[in-house]
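Chemist: The structure follows.
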Amino acid sequence: MEAARESMAALLDAGLFASAQTLGCFLVSSAGAVNDAGMSMKAESLVLHGDALYGEKEFRRALNAYKQGMQYSRSIPRQATSNIRSSVSATGRSPSPNSLNLLPFNENEVKFKIALCHSALCEHREALQEMEGIPSKVRSLKMNLMLGKLYRISRNSRSAVVCYKECLRQCPYVFEAITALAEMGLSAKEFSLLFSQAPNRGGKLPSDSVDAQRWWNRYVEAQCCIASHDYKGGLDIYLELMQRFPNNVHILLEIAKVEAIIGRNDEAIMNFEKARLIDPNIMTYMDEYAILLKTKSDYIKLNKLVHDMLHIDPARPETCVALAAMWERKDERKALTYAEKSLRVDDRHITGYIMKGNLHLSLNRPDMAVTDFRGAQELRADLRSYQGLVRAYLALAKCKDALFTAREAMKVMHQSAKALKLVGDVHAISSSGREKARKFYESAIRLEPGFLGAALALADLHVAEGRNREAVMLLERYLRQWADDSLHIKLAQVFAATNMLSDALSHYQSALRINPQNEAAKKGLERLEKQMKGVDPDAPEEDEDNEADDIDADQDDAELL
């Protein structure tokens, strides 16, 4: 069966896993495992069959095949194994069907493959146990990377740092390791030391090595800034790198993602669109783009995006989150099933937790929302998870927990106007805390004059305290600089509350001219028209008794997302 084994190796190299799987059934069922040489061939055939099953994503069957192969290999006496040459190479099979340089059964590689199967089945503890059985001296780059990920999942940060550092010593361009180490607090100086320890490919110093290290260092600095919530510093470095590498899709997406996190929604949408123009089939962060489009009520673009994502890869977690964003307006429960599906596909997909948490809030399940936002924070804390937690705690009337969370956000993101506003939001809940809330809102505006969320919150505070004139003056001042639909809607609400219906009508119409799909403006206009006709807009006809509250909630949700 030697010829069949070589043919199977060729099929695997060609990626023809279905044919390789069928051939593997013949190999593993053939008689002949009666002596040491036969046992060795049986072990090799089982590993090859496991490779075919893994390629077909039949991870449980592949796991069983690899384990059987290990059992056969271990049953061979050591003296016999030293004399038997196998066609399994360092990757578990021969590098080519005609290879004459045959190596012994590589037990460490098979352990790695067993760990890969466990990991694919979300059995991270078993995967880690298998990986720890591989001696550190023989771990390859991919082994160290996987072990770092498993240690991080198990919250063993110290061991994870060791593995990720070893990855960068072997190759400084392992970007997963760079991101992970930055998030775990490694400094830019420590990164530079690792770069200097990396081997020179070819044994000589490349002519562009100085330039490579320069942009590599700047990229690392950007990652460190963002990991420490210095979003402005990270964005500045990314923009500098865009000058050096124009049309770099990865940098464009990183810029757009950070802009989405800090609330620069229009800029983020523009950069996501640029990335899609360069690469229409890109899937990375497209769920973030979908959420932004939903926030802007741009359902035409959102439907087109979801259609494209379903065509590219319907199984990706990003596609599931985008579907959740699309369905949220029509059927929140169906949207929730898609958010849950995204986490079944990838239980470490942060945007899935954020979307699920916001949907639980919309469905009046704040206790479940707390769990979702905490899940996001365990992976990587950012502004949106803090905002979600504060909203959930306030819905549960846990004001102390909400205030603690908001203050924690302010400490972590000490230069963030959004974090300041978050503390103000908690204080604004009670009449005794409104003065403190006003100070936090004003501080947020001083720190970031263009932060409309703080201006809208301060206007609400003015209205709550009967200072309608101050609210109108504040909003009109902002409108002179920013033609934003949310400002028009807030002004319309203030005017409607003071019975200045014609002014309210004008601002609702202005909001719809800017964004014809704005649901809050549509609902507000419908309510206003009833007022102008002398009809009570709060009458329970067609479940409209809470529409005014829904309008405010829509604005809050838009800001949080």
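The values are calculated or read from the model by the stated rules, or taken from the named source; none is laboratory data. All figures in this text were calculated on a predicted structure; none of them were measured in a lab. Glycine gets a Cβ as well: all are built from the backbone with ideal geometry, and neighbour counts include every protein chain shown. The accessibility values were calculated without ligands, DNA or RNA, using every heavy atom of the protein model including side chains. Shrake-Rupley method; radii C 1.70, N 1.55, O 1.52, S 1.80 Å.
Chemist: Which one is farthest from M286 (Cα to Cα), of the residues in the range 229-265 that are free of Cβ contacts under 8 Å to residues at least 12 places away in the same chain and part of a loop (DSSP other than H, G, I, E, B)?
Modeler: Only one residue fits best here, namely P246.
Chemist: Okay, next question. I'd like the residue in the range 230-244 that is open to solvent by 60 Å² or more (accessible area, probe 1.4 Å) and under 15 Å from D211 (Cβ atoms) and, out of all such residues, is nearest to the chain's Cα centre (by Cα).
Modeler: Among those that are open to solvent by 60 Å² or more (accessible area, probe 1.4 Å) and under 15 Å from D211 (Cβ atoms), it is E240.
Chemist: Any idea which residue in the range 138-160 is farthest from the chain's Cα centre (by Cα), counting only those that are closer than 19 Å to E378 by Cα and of a type in the set (S, T, N, Q)?
Modeler: S159
Chemist: Another one. Quick check, is R374 within 22 Å of E183 (Cβ to Cβ) and surrounded by fewer than 22 Cβ atoms within 10 Å (Cβ to Cβ)?
Modeler: yes
Chemist: Moving to a separate point now. So in the range 338-356, with the set limited to residues that are surrounded by 15 or more Cβ atoms within 10 Å (Cβ to Cβ) and either of a type in the set (K, R) or more than 14 Å from the chain's Cα centre (by Cα) (or both), which one is farthest from I291 (Cα to Cα)?
Modeler: Once the filter is applied, the top-ranked residue is R348.
Chemist: Residue check: is G357 among the small types (G, A, S), within 25 Å of S154 (Cβ to Cβ) and assigned to a helix (DSSP H, G or I)?
Modeler: yes
Chemist: Out of the residues in the range 294-321 that are of a type in the set (A, V, I, L, M, F, W, C) and touching a Phe, Trp or Tyr at 6+ places or on another chain (Cβ under 8 Å), state the one that is surrounded by the most Cβ atoms within 10 Å (Cβ to Cβ).
Modeler: Among those that are of a type in the set (A, V, I, L, M, F, W, C) and touching a Phe, Trp or Tyr at 6+ places or on another chain (Cβ under 8 Å), it is V321.
Chemist: Still on this model: Just the residues that are surrounded by fewer than 21 Cβ atoms within 10 Å (Cβ to Cβ), under 18 Å from D460 (Cβ atoms) and of a type in the set (V, I, T), please, taken from the range 385-441.
Modeler: Within the range 385-441, I429 is the sole residue that qualifies.
Chemist: Moving on. When the residues of the range 112-157 are filtered to those that are β-branched (V, I, T) and either out of contact with any helix residue (DSSP H, G or I) (no Cβ under 6 Å at 6 or more places or on another chain) or in a helix (DSSP H, G or I) (or both), which remaining residue is most open to solvent (accessible area, probe 1.4 Å)?
Modeler: Out of the qualifying residues, it is V138.
Chemist: Continuing with this model, one more query. Among the numbered criteria (1) modelled with pLDDT of 75 or more; (2) loosely packed, with under 14 Cβ neighbours inside 10 Å, which single criterion is violated by G32?
Modeler: With respect to (1) modelled with pLDDT of 75 or more; (2) loosely packed, with under 14 Cβ neighbours inside 10 Å, G32 is out only on (1).
Chemist: Here's another thing I want to ask about it. Looking only at the range 173-187, count how many residues are surrounded by 18 or more Cβ atoms within 10 Å (Cβ to Cβ) and either more than 23 Å from the chain's Cα centre (by Cα) or under 23 Å from E109 (Cβ atoms) (or both).
Modeler: 2
Chemist: Checking G50 against (1) at pLDDT below 90; (2) in contact with a Gly (Cβ under 7 Å, 6 or more places away or on another chain), which test does it fail?
Modeler: Going through (1) at pLDDT below 90; (2) in contact with a Gly (Cβ under 7 Å, 6 or more places away or on another chain) one by one, G50 breaks only (1).
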